[in-house]
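We did not get these values from a lab; they are worked out from the coordinates using the rules stated. None of these values were measured; they are calculated from a predicted model. Cβ atoms come from the backbone with ideal geometry, glycine included; neighbour counts cover every protein chain shown.
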């Protein structure tokens, strides 16, 4: 598995972001609307990750910080971010993710505002290669 | 955050485009069918953006112009474009997006023609790197 | 718009393909299940495109041929391919798309087997850059 | 079709993975929730593929092994993996896919926990080019 050690990038961008107002509480928390950045660290050392969130009409928020341990994945829900401030609901945003070791980032949303689920997922944009 | 300054490309393509005829008005405008290009500008200066829209059987439309201010994101709805002409409904199209500074582009559609939402999102194709 | 002339690749792959059996005819043909390759040609000359379709347990089918005129987009439905043979339903397949001029390819599916639409879209994989 | 011989990469990553608990059996197995890696081998020789699955709080699982014959596609369902161990349900995971010849990988999920289907698909992240 030596080649997997070189998978990834140190800088990623997700231009699309939106947390719906979830006015109908779901019995099952797995079916609550959420948006996530799925982070994969295949390296042998921990990845220290910084997120900066951009908006339409105010200065960026952050940095938000997270650690993805060596050989682990972290599915980070934007709904859960609180430090330095929560991500506002019903507001367009975009995210830049920077890491001290190469990681892979995929973006996912589950929208359960209506009775049927809507899902989206896409690989984030890699700014440079490791 | 120095590395985020190099995130992006000056030329992007979205080969898929389609605005459904929205025959059932929704009470909530956030649930109306729409298609958007999410633009992220992490640079320290404004991005002047030009969109050209390609069709199956006529000359391209445009240029459409937009500005993404420094350190901001703009979620541009194709439904809202009107100058030099609106984007026709129920018609296949494709889009090329050019910018004078590197930006990141993601393509999103919300289809609410039926009672259940359908969502799609994908990073656009970057023609060259900054 | 000089830079858009260099957008694209001459070789693309879509590893995912599946045409559902559409047992419930829809009143509106726009809501029939379908799978499409959206092709964008920003060049000043026509693109002559060849599709080869790969399967799990038989030799590839094709070549299928299409032309995307200069400065046009073509949203090609796999359901409509018939020469040299139709694409089988309820069968996994994958597609390689080759062109004599650089194009951009995006893959879309609309699944209407159930009352709610499901949509997916993703940029295809570019084998080489123009 | 000489150019298609160079399509692909030997190392791919899918940062997002999740197999829902499928508590409502479906009459039609094609509509059961599933997650797949669609693998395309356009080469003239077989591809020997290794999958490693990463988790949040335990060591990676694998290697899982598969063969994609020459000029064939394989749509591998994560639900069906059993050796060395099944993929746990209701658990976030990520996948690295390595191959001895260049292949193309696309990631797909069909979520049928509710009456309406939700679909997602995205090209995986290519670590290096062939």
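Between the C-alpha center of the stretch C:39-77 and that of the stretch A:40-71 there is a gap of 40 Å. Between this copy and the others, label points of residue B:70 are 4.1, 4.1, 5.9 nm apart in ascending order, each placed 7 angstrom from Cα in the Cβ direction. Inter-copy label distances for residue A:100: 3.9, 3.9, 5.5 nm (label point placed 7 Å from Cα along Cα→Cβ; shortest first). When A:103, C:53 are arranged by Cβ crowding within 10 Å, least crowded first, meaning fewest neighbours, the order is C:53, A:103. Taking other C-beta atoms within 10 Å as the exposure proxy, B:101, A:49, C:67 rank C:67, B:101, A:49 from fewest upward. Exposure proxy shown here: for B:9, D:82, the number of other Cβ atoms within 10 Å sets the order, fewest to most, as D:82, B:9. For residue A:85, the label point sits 7 Å beyond Cα toward Cβ; its separations from the matching points on the remaining copies run 4.3, 4.3, 6.1 nm, from shortest to longest.
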